[in-house]
Amino acid sequence: MRRRLNDIYNNHKDHDITFNQSVIRSLGLKVDQIYLKVGDRKFPSILYSSSLTSSRIIIKLTPLQIEFLKKNRNNLAIKYCFKIPTEKSNIVFYINSKIISLVPYGNQEQELYFATFEFINRAPNDLISILGTYIQDQENKHKRAEERFVLNNQNCNSLLRNSMENFLFISGKGRRCILTEISIFSAKIIIVGDKKEFKEKTSVLLLIKYNGLDGIGEMMGEITRVDNINTRKDLFTIIITFNQELIPPTYKMWIAEFLERVNIKGVL
């Protein structure tokens with residue numbers, strides 16, 4: 001266990017996690033139990049983000065409270081609180097910190113500040129375990145999402161209307177292609193044509209006709225690899241990497257549903 005925690009800390013200590021609603025639910029952060037301890041006083045805070053070496057909070061402070069903070073700048077600690085399903089009680093710990101910056105946040109009348117803290121000592125093992133496990137899970141999900149799965153006779157009929165009724169558009173010209181591998185972020189196809197047309201980094205539109213949902217995925221992307229098939233000069237395998245910002249939500253849902261059927265979960 002100690003070796004695992006050391007590895008997590010060394011590999012991910014500066015990886016900053018922003019606590020949006022999804023992350024809060026995933027980690028079981030008890031938002032109403034977070035505060036900044038200044039000397040013998042406690043100030044309710046919003047934990048905006050945290051790594052294993054620092055944190056950022058949003059806090060409400062009056063001018064007098066800011067003066068109090070400055071006087072006690074060597075006696076600061078941030079309280080973390082998590083509810084883990086496998087634990088009977090909340091996991092609570094304090095991290096001694098030094099303030100790096102205090103910047104007004106929003107309207108001056110609101111007296112809100114965005115504060116950045118640096119941990120004085122190494123993060124507690126509980127935080128390393130909680131944040132580190134989450135970071136590793138996210139990395140594994142991303143790797144799975146990038147992995148293409150092969151379309152075969154067993155899955156092709158349930159996934160696609162017709163594996164040969166997909167089209168690759170280059171400069172407005174469409175060509176039929178056979179879809180052989182697919183992931184959320186990329187696809188591999190077989191296509192007939194002239195290699196001059198299939199240059200790497202060429203922008204393309206891949207039209208995928210699949211079963212369910214709206215039935216058509218218009219995938220914008222670019223060619224990232226071109227290979228001849230055997231000795232044929234007119235037959236190629238092409239890898240297309242999709243523009244992640246333009247991937248249709250329905251396409252992601254379609255891929256996710258398939259992966260659930262084959263017990264490859266947690267891709268999205």
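Laid out as a table, the results:
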| quantity | calculated |
| --- | --- |
| Flag for Val103 being surrounded by fewer than 12 Cβ atoms within 10 Å (Cβ to Cβ), in the same structural domain as Asn20 (by TED's automatic domain parsing) and hydrophobic (A, V, I, L, M, F, W, C) | yes |
| Subset of segment 218-236 [among the basic types (Lys, Arg) and surrounded by fewer than 12 Cβ atoms within 10 Å (Cβ to Cβ)] | Arg232, Lys233 |
| Some residue of segment 30-45 being touching a residue at least 24 places away in the same chain (Cβ under 8 Å), outside any loop (DSSP other than H, G, I, E, B), closer than 18 Å to Ile84 by Cα and not polar (S, T, N, Q) | no |
| Number of the exception - Leu5 against (1) hydrophobic (A, V, I, L, M, F, W, C); (2) in a strand (DSSP E or B); (3) out of contact with any strand residue (DSSP E or B) (no Cβ under 7 Å at 6 or more places or on another chain) | (2) |
| Some residue of segment 60-72 being in a strand (DSSP E or B), among the charged types (D, E, K, R) and touching a residue at least 60 places away in the same chain (Cβ under 8 Å) | no |
| Residue identified as surrounded by 16 or more Cβ atoms within 10 Å (Cβ to Cβ) and in the same structural domain as Ile17 (by TED's automatic domain parsing) among Leu127, Leu64 | Leu127 |
| Scan of segment 78-125 for residues that are in a strand (DSSP E or B), farther than 21 Å from Val23 by Cα and of a type in the set (Phe, Trp, Tyr), ordered by number | Tyr113, Phe119 |
| Gly217 being at pLDDT below 85 and either part of a strand (DSSP E or B) or among the acidic types (Asp, Glu) (or both) | yes |
| Count - residues of segment 6-29 that are over 15 Å from the mean Cα position of the chain (by Cα), touching a residue at least 24 places away in the same chain (Cβ under 8 Å) and surrounded by fewer than 18 Cβ atoms within 10 Å (Cβ to Cβ) | 3 |
| Odd one out for Asn230, checked against (1) part of a helix (DSSP H, G or I); (2) at positive phi; (3) of a type outside the set (Asp, Glu) | (1) |
| Qualifying residue in segment 42-59 (condition: surrounded by 18 or more Cβ atoms within 10 Å (Cβ to Cβ) and closer than 12 Å to Ile130 by Cβ) | yes |
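Table: residues versus (1) closer than 26 Å to Asn10 by Cβ; (2) among the acidic types (Asp, Glu); (3) touching a strand residue (DSSP E or B) at 6+ places or on another chain (Cβ under 6 Å).
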site	(1), (2), (3)
Ser22	no, no, no
Ser26	yes, no, no
Ser55	yes, no, yes
Leu61	no, no, yes
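The values are calculated or read from the model by the stated rules, or taken from the named source; none is laboratory data. Bear in mind the structure is a predicted one, so any value in this text is a computation, not a measurement. Positions of Cβ are generated from backbone atoms using ideal geometry, with glycine treated the same way; all protein chains shown enter the neighbour counts.
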